[in-house]
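A.B. asks: Before we start, here is the structure in question, set down as structure tokens.
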There are 2 protein chains.
Amino acid sequence: MLSNAEDDSIYKALGHYRRRQILDMLKNNPQTTGALCAAMPDLDRCTVMQHLKVLEDADLIIARRQGRERWNHLNPLPIREIHDRWISQYAVPAVDLLARLKRNLE
Amino acid sequence: MLSNAEDDSIYKALGHYRRRQILDMLKNNPQTTGALCAAMPDLDRCTVMQHLKVLEDADLIIARRQGRERWNHLNPLPIREIHDRWISQYAVPAVDLLARLKRNLE
């Protein structure tokens, strides 16, 4: 169970659409900071680094240095904990079905 | 897929610990507005109603009127969509294992 302060940092981090976009880009593969900056040419490098810092402070990304590059990995655990906090394990199959139904209707 | 504005309303709604507490109280059973107010005696009724409105606007709760009572139900779908946005279906078993391991270690 997270304290309120740690918990707040997650929702604050997820609260900006740019940071959600960064997480989208990390969903399937880690990316270097350089690649993330190149993918968002309308933002300067400093702004991207600030967003990465907020995500890292919230434990939503884990950064690993390899030589001169910094690789950013999405950490799925805090996101999983949001899910598990409000969807009981008994409700998972029903919610799964509803979510698929909604996607198909859309 | 949600638009950025709808999406923002979810993270804004989840961004206040009182609203997260309200969702906690609704996890297993719907509650009347009266019962929620009684469970948070340090807040006046008007403040509770404002929090409920923010949650309802974000589609995180669904309210049903029965006679003179208003029953608040947690809507798990937006929470499920947060999960599915960043955890691919192929990663679910590994993340599940990690989440259980973390809970056991705690």
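A.B. asks: With every protein chain present, what is the per residue accessible area of chain B (1.4 Å probe, Å²)?
C.D. replies: Solvent-accessible surface per residue comes out at 58 Å².
A.B. asks: Only Lys, Arg, Asp and Glu count, each charged at its Cβ (+1, +1, -1, -1), so figure out the dipole size of the range A:4-76 about its Cα centre, rounded to 20 debye.
C.D. replies: Using Cβ point charges on Lys, Arg, Asp and Glu, the range A:4-76 gives about 300 debye.
A.B. asks: For the protein assembly as shown, what's the radius of gyration and Dmax over Cα atoms, in angstrom?
C.D. replies: Rg, Dmax (Cα atoms, Å): 18.5, 67.
A.B. asks: Now for a separate question. Go ahead and estimate [θ] at 222 nm for the protein assembly as shown from helices alone: -39,500 (n - 2.57) per DSSP H run with n ≥ 4, summed, over the residue count, rounded to 500.
C.D. replies: So the calculated ellipticity at 222 nm is -18500 deg cm²/dmol.
A.B. asks: What total accessible area, in Å², is buried where chains A and B meet, using a 1.4 Å probe and rounding to the nearest 100?
C.D. replies: For chain A against chain B, roughly 3300 Å² becomes buried.
A.B. asks: For the peptides A:69-75, B:74-80, what is the packing order when you average, over each peptide's residues, the other Cβ atoms within 10 Å and list the highest mean first?
C.D. replies: Order by mean packing, descending: B:74-80, A:69-75.
A.B. asks: When the dipole is taken about the Cα centre of the protein assembly as shown, and only Lys, Arg (+1) and Asp, Glu (-1) are charged at their Cβ, what size is it in debye, to the nearest 20?
C.D. replies: 180
A.B. asks: List every residue whose amide H lies under 5 Å from the amide H of B:N75, counting only residues 5 or more places away in sequence or on a different chain, with H placed 1.01 Å from N in the peptide plane.
C.D. replies: Under 5 Å from the amide H of B:N75: B:I61, B:I62.
A.B. asks: In terms of Cα to Cα distance under 30 Å, which lysines are near enough to A:K53, apart from those fewer than 8 places away along the same chain?
C.D. replies: Partners within reach: A:K12, A:K27, B:K12, B:K102.
A.B. asks: Sticking with this structure for a sec: Could you name the residue in chain A with the C-beta closest to the rotation axis that superposes chain A on chain B, along with the separation in whole Å?
C.D. replies: Value returned for chain A: A:H83, 2.
A.B. asks: With an 8 Å Cα cut-off and a minimum separation of 6 or more residues, compute the relative contact order for the range A:4-76 in percent.
C.D. replies: 36
A.B. asks: Now for a separate question. Kindly give Rg over Rh for the range B:4-76, based on alpha-carbon atoms, with the Kirkwood expression for the hydrodynamic radius.
C.D. replies: Radius of gyration relative to Kirkwood radius: 0.95.
A.B. asks: Which shape class applies to the range B:3-43: rounded if a/c is under 1.5, otherwise prolate when a/b exceeds b/c and oblate if not, where a ≥ b ≥ c are the square roots of the Cα gyration tensor eigenvalues?
C.D. replies: Prolate.
A.B. asks: Now for a different question. When the Karplus curve 6.51 cos²θ - 1.76 cosθ + 1.60 is applied with θ = phi - 60°, which whole-Hz ³J(HN,Hα) does each residue of the range A:96-104 get, with x for Gly and Pro?
C.D. replies: Karplus values, whole Hz, x for Gly and Pro: 4, 4, 4, 5, 5, 4, 4, 4, 5.
A.B. asks: Keeping the other protein chains in place, figure out the carbon and sulfur percent of the accessible area of the range A:4-76, with a 1.4 Å probe.
C.D. replies: Exposed carbon and sulfur together represent 49 percent of the surface.
A.B. asks: Per residue of B:24-37, count partner chain C-beta atoms within 10 Å of its C-beta, then hand back the mean as an integer.
C.D. replies: The shielding value for this peptide is 1.
The values are calculated or read from the model by the stated rules, or taken from the named source; none is laboratory data. All values derive from a computational prediction rather than experimental measurement. As a convention, Cβ positions derive from the backbone with ideal geometry for all residues, glycine included, and neighbour counts pool all protein chains shown. To get the accessible areas, we keep the full protein, side chains included, count just its heavy atoms, and leave off ligands, DNA and RNA. Shrake-Rupley method; radii C 1.70, N 1.55, O 1.52, S 1.80 Å.
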